[in-house]
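Report on one structure; see the data block that follows.
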Amino acid sequence: MIASLNKKALIIATLVSALVIAMVFYGSRELQNFDPALIGYLFGTVFAFFGVVYRYSVWLQRPPTWMYFKRTWQFFFKGKVFAHLLFFGKEFVQNIGFQKFIYPRGRTRWIGHFLMAIGCTLAFAITFPLTFGWIHFTMNAETSLNPESIRMYEAHFFGFKIFEFKLGSFIAFLTFHALNWCSWLVIIGVLIFMRRRLTQAGLIATQTFEGDLLPLILLLAISITGLGLSYDYEFMKGMAYDFMAVTHAVTVIMFLIWIPFGKFFHIIQRPAQIGAHIYKREGMKRGMATCPHTGKEFATQLHIDDLKIVTKELGFDFRLEDGSSHLDLSPEGKRSRLAMAHLKARQENGGKLFG
Amino acid sequence: MPETNYQTNQEFFVDMQRCIGCKACEMACAECETNGHDSMIHVNYVDRAVTIQTTVQVCMHCDDPVCANVCPADAISKDEFGVVHTANTARCIGCSNCVMACPFGVPKKNEAYDLMMKCNMCYDRTSAGKKPMCATVCPTQALFYGTREEIARMRPNSSPVNNFIFGNEKVSTKVNIMMPKGTTVLRVD
Ligand code: SF4
Ligand code: SF4
């Protein structure tokens, strides 16, 4: 077990986890603002960080992944950094924020995914800092002592006061219920996806329970128990609160611990798509490759040259006798060359059609 | 994968000399539930300037698939039956590594989806014990799906070959190409 662990990744993941713990310590003003009730969540989050960084580091060491990673940063820092930053920003909003590439695959599919994505991201943005003790709320002491005044609530970030709002105001309502809104978004998204997964024959044939259905069930469980926590107080006088709190904690911690291993890792992988776009854009500036069979441009020369390196590192050797490579051919060229080789074999065998 | 009724005694046999370019397989492929309305099979003219011969190409389902090896996102996987599946939609970042590296020119990149898609041998059908769509409609049986005994009976002068040479690389596949009797390998270039 230990021997099969990846040393480099282990070191990076340990360092990052230590950094997270240090930031929790100092960000919560030496734990003054840390809420001990959230210790389980903190443990889950730190583990998730460790796992994610570990898997990401292992992943980066694969030759094709490393090639893209390396090239992306080379291009990024070479030349016009600001132009790249702009492109990156635009791509981030379009592809990570709005997942625009899912829309052509199906409108309902996009809506479902977008709702889940926005619900989860918002929830992460709220709960991580809360768990770390980076955000906390206090009652404004003056207003709470003075019975005449309107009670004010204060939100603090890293121990600094960020804003103040009236108790019972609209902002208070939005702030205190933010996680409920996230839950509703996720629930609607999950239901859309569950419907797809339970009714579409193609998906039914290829999906797995752990890989595709369990993540949806887990998201649903988190959202419902989460909603249960707040509605319990509002509508059920806090009955069964402990049960809700425990099931919510268990599902969330399961989710966190599972991020590095299962479907949710795609959230972490997705930004690589922007890297692939930068790679293509830069490659096009440098020139296209022409297929020796079709005579047409089909990919960037950079891509073909890099693929020769990557396939070699992976143990494949497509070099031909004349010094060129099978990889110089476009996909159509490759298919045609196979058919031509087939014809040649037939000709060498008398030339007749064989049956 | 869920429970299946995959028939391990049935195999895919392709004979491109029989392809007449009718594109019935293309239409049929788009009926496959696993790729929706996008056709994955390739029919193209071999060398339009000198011949009207067309060729047909399905995924060969390689034993050690180059496509999966070069994928930076670990999006392509091979199952216990040797079927190499199309890109996992959540993972694929649309980089086209697989498209450019596959020695048979099989994967297709769908630009609008920013996703690679390829033949997964009609997994919705083959996993239920049925034949792939293309093989059921091909009028010349350039695409044939069945047992080795059936093909041996029907094509006494052919041998199924699943070893290919591309330069210095030897590739073996699950799908067979029909060659003149006695041939064991197809050298491409
Ligand atoms: S034929 Fe191409 S796409 Fe199919 S498994 Fe082999 S390398 Fe992958
Ligand atoms: S296009 Fe998708 S499946 Fe193909 S190599 Fe790139 S990430 Fe992998």
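Inside 10 Å of the C-beta atoms of B:65-73, what's the mean count of C-beta atoms belonging to other chains?
Counting Cβ atoms of other protein chains within 10 Å of each residue's Cβ and averaging gives 6.
How crowded by other chains is B:161-172, given as the mean number of beta carbons from other chains within 10 Å of each beta carbon?
Counting other chains' Cβ atoms within 10 Å and averaging over B:161-172 gives 4.
Compute the distance in nm between two label points, each set 7 Å from the Cα along the Cα-to-Cβ direction, one at A:Leu314 and one at A:Ile150.
6.3 nm
Keeping all protein chains in the complex and leaving out DNA, RNA and ligands, what accessible area do you get for B:Tyr123 with a 1.4 Å probe, in Å² to the nearest 10?
0 Å²
Using the Cα centre as the reference, give the magnitude of the dipole from point charges on the C-beta atoms of region A:287-348 (Lys, Arg: +1; Asp, Glu: -1; all else neutral), rounded to the nearest 20 debye.
Dipole of region A:287-348, to the nearest 20 debye: 300 debye.
What is the helix-to-structure angle for A:301-313, meaning the angle in degrees between its Cα long axis and the longest Cα principal axis of chain A, kept from 0 to 90 and rounded to the nearest 10?
90 degrees
Would you tell me the mean number of C-beta atoms belonging to other protein chains that fall within 10 Å of each C-beta in B:182-189, as a whole number?
Partner-chain Cβ atoms within 10 Å, mean over residues of B:182-189: 5.
Output the 0 to 90 degree angle, nearest 10, between the alpha-carbon long axis of helix A:214-235 and the longest principal axis computed from the alpha carbons of chain A.
Computed tilt is about 10 degrees.
Rounded to the nearest percent, how much of the accessible area of the protein assembly as shown (1.4 Å probe, protein heavy atoms only) is carbon and sulfur?
Here it works out to 63 percent.
How many nm is it between the label spots at A:Gln32 and A:Leu213, if each spot is 7 Å from the Cα in line with the beta carbon?
According to this spin-label approximation, the distance is 5.2 nm.
Gaussian network model of chain A, Cα springs within a sub-10 Å range: biggest mean-square fluctuation belongs to which of A:Gly295, A:Gly323, A:Gly168?
Evaluated over chain A, the most mobile residue of the options is A:Gly323.
Ignoring ligands, DNA and RNA, how do B:Ile52, B:Ile151, A:Ile217 rank by accessible area with a 1.4 Å probe, largest first?
Output order, biggest surface exposure first: B:Ile52, A:Ile217, B:Ile151.
Computed over the Cα atoms of chain B, what is the convex hull's projected area averaged over all directions, in nm²?
That works out to 11.1 nm².
Please say if region A:287-348 is rounded, prolate or oblate, where rounded means a/c under 1.5 for a ≥ b ≥ c the square roots of the C-alpha gyration tensor eigenvalues, and otherwise the choice is prolate for a/b larger than b/c and oblate otherwise?
Oblate is the answer for region A:287-348, as a/c is 1.5 or above yet b/c matches or exceeds a/b.
Report the net charge of residues surrounding B:Pro160, where surrounding means a beta-carbon distance below 10 angstrom and charges are Lys +1, Arg +1, Asp -1, Glu -1.
With Lys, Arg at +1 and Asp, Glu at -1, the net is 0.
Under a point-charge model restricted to the Cβ atoms of Lys and Arg (+1) and Asp and Glu (-1), what is the dipole moment magnitude of chain B relative to its Cα centre, in debye to the nearest 20?
Dipole about the Cα centre, nearest 20: 560 debye.
Divide by every residue of chain B the summed helix terms, -39500 (n - 2.57) for each DSSP H run of at least 4, and state the resulting mean residue ellipticity at 222 nm, rounded to the nearest 500 deg cm²/dmol.
Mean residue ellipticity at 222 nm (helix-derived): -3500 deg cm²/dmol.
Run the numbers on region A:206-223: which residues show a drop of 10 Å² or more in accessible area, chain on its own versus all protein chains together, using a 1.4 Å probe over heavy atoms?
Those are A:Thr206, A:Gln207, A:Thr208, which lose 10 Å² or more relative to the chain on its own.
Roughly what would the spin-label model give for B:Lys130 and A:Asn6, points 7 Å off Cα along C-beta, in nm?
Each label point is offset 7 Å from its Cα along the Cβ direction, giving 4.1 nm.
Taking chain A as the reference, fit the longest principal axis to its C-alpha atoms, fit the long axis of helix A:7-27 to the helix C-alpha atoms, and give the angle between the two in degrees, 0 to 90, nearest 10.
Helix A:7-27 sits roughly 20 degrees off the main axis of chain A.
Two decimals is fine: what is log10 I(q)/I(0) at q = 0.08, 0.13 Å⁻¹ for chain A, from a Debye sum with one equal scatterer on every Cα and no solvent?
At q = 0.08, 0.13 Å⁻¹ the computed log10 ratios are -0.59, -1.26.
Might you tell me the accessible area per residue for the protein assembly as shown, computed with a 1.4 Å probe and given in Å²?
49 Å²
Which is farthest toward the positive dipole end of region B:4-85 among B:Thr51, B:Cys67, B:Ser39, measuring Cα position about the Cα centre, with Cβ charges +1 (Lys, Arg) and -1 (Asp, Glu)?
Selected residue: B:Thr51.
Chains A and B: buried accessible surface, both sides, probe 1.4 Å, rounded to 100 Å²?
Counting both chains, the buried surface is close to 5300 Å².
Would you work out which of A:Ile224, A:Leu185, A:Leu302 lies farthest towards the positive end of the dipole of region A:171-328, given +1 charges on the beta-carbon of Lys and Arg and -1 on that of Asp and Glu, about the Cα centre?
The residue sitting most towards the positive pole is A:Leu185.
The values are calculated or read from the model by the stated rules, or taken from the named source; none is laboratory data. Bear in mind that the values here come from a model prediction, so they are computed numbers and not experimental data. A quick note on method: Cβ atoms are made from the backbone with ideal geometry, for glycine too, and the neighbour counts reach across all protein chains shown. Areas reflect the complete protein model, heavy atoms only, side chains present, ligands, DNA and RNA absent. Shrake-Rupley method; radii C 1.70, N 1.55, O 1.52, S 1.80 Å.
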